[in-house]
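Every number in this text was worked out from the coordinates using simple rules, so none of it is lab data. Quick caveat: nothing in here was measured; it's all calculated off a predicted structure. Neighbour counts run over all protein chains shown; Cβ positions are idealised from the backbone, glycine included.
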Amino acid sequence: MKNNILTRIKRFLIRLQARLRAIFSRSAGNIEKAPEKAHGGSLPNSELVVHNLIGAKTAWILPLFKDLDTNLRRSGLKVNFKAYVSLTVFATLLVCASVLTVTPCVLFLMFDMPLLSAVMFGVGGCLFAFAVSILGFYVYPIYKADNLRRNLEDELPFTTGYMAILASAGVSPEKMFYSLSTLSKPLAVTSESKDVIRNVNLFGSDIISALEEMSDRTPSQRFRETIEGLITTIHSGGNMAAYLREKSREYMKLKRINLKKYSDTLSMLSEVYVTLLLTGPLFFVIMLVVMSMLGGGSFGIFSPDLILELLTYIAIPLGAITFLIILDTMSPKW
């Protein structure tokens, strides 16, 4: 019986693979009908194929992702909003179908679990995979936008100082941002400057309009204030070099204050790390080993051996990963 079920599954997967190849071939033939990116250029192949495949069928879902468009623009991802939603839906359906198909087969064929129980486990795993996939696609632009914001603000004292030097030499704003876009070691502001130069040289925008668009799109409040002040200075014919020098001094002072706060926070985190992940686990390990040797009682359904394994293989690694994520979030780039 199991061999017959396995044979049917293999035949179904072969037919599904052939069907997907045919669909992708038709989608690849309609490349010229795909929409452009929100910020110019053509879509990558994966997003293009997915958008051609199910883009028209996901229009009713777009209102559910109304906040995602703003996060996409601020994240620096060159992806069209509708194409990203189509990719989200397609990837989620693919993951859910894989989990719903593979989980019952593995449990039924390899672990001899009853078919009904295996199917129920598959449905539960499918629902969990659905939630994780949707949440991952929704959070990813937010994470990218926050990462871009931190990088822009970390580099801001040096960026404004570099721009002040160029302005003191009489360089125009267009040449200033062109220089930022061609740095030998790219910074976070490099991609923003490339968009400004593209809008000026390719789309025919003036420098004021290009800077206003960058100000509306950037996720950093400090960088937005700097760009808006630069726009005001250009409008009024003020001294750009003096304005940028003052901004560089201001942001350098803020950076010193932030580094001092980071140093204090790092000292506190190091003490918490030593307490929770070094001293604490060592104390529990010794206590549990002694209890296990003496035949101590269990903590409800958890025996000392089970608690020791959970602590060693789950609690300590998860705690270390959590501290690494916290440090990565807080650590300045410069």
Residue 325 versus residue 264: modelled label distance in nm, points set 7 Å from Cα along the beta carbon direction: 2.7 nm
Chymotrypsin sites (Phe, Trp or Tyr not before Pro) restricted to DSSP loop in the stretch 67-142 with at most 12 other C-beta within 10 Å: 111
Least to most buried among 314, 326 (fewest other Cβ within 10 Å first): 314, 326
Length added when fully stretched, residue 221-residue 146, from 0.36 nm per residue minus Cα-Cα: 25.9 nm
Stretch gain in nm, segment residue 78-residue 168, where the contour uses 0.36 nm per residue and the Cα spacing is subtracted: 29.0 nm
Rotationally averaged projected area of the stretch 149-253 (alpha carbon convex hull; nm²): 6.0 nm²
From phi via Karplus (6.51, -1.76, 1.60), per-residue ³J(HN,Hα) for the stretch 150-164 in Hz, x at Gly/Pro: 5, 5, 4, 6, 5, 8, 4, x, 7, 5, 5, x, 5, 5, 5
Length released on extending from residue 271 to residue 303, taking residue separation times 0.36 nm less the Cα-Cα span: 8.5 nm
Rounded Å value of the spacing that divides the Cα centres of the stretch 56-72 and the stretch 231-270: 36 Å
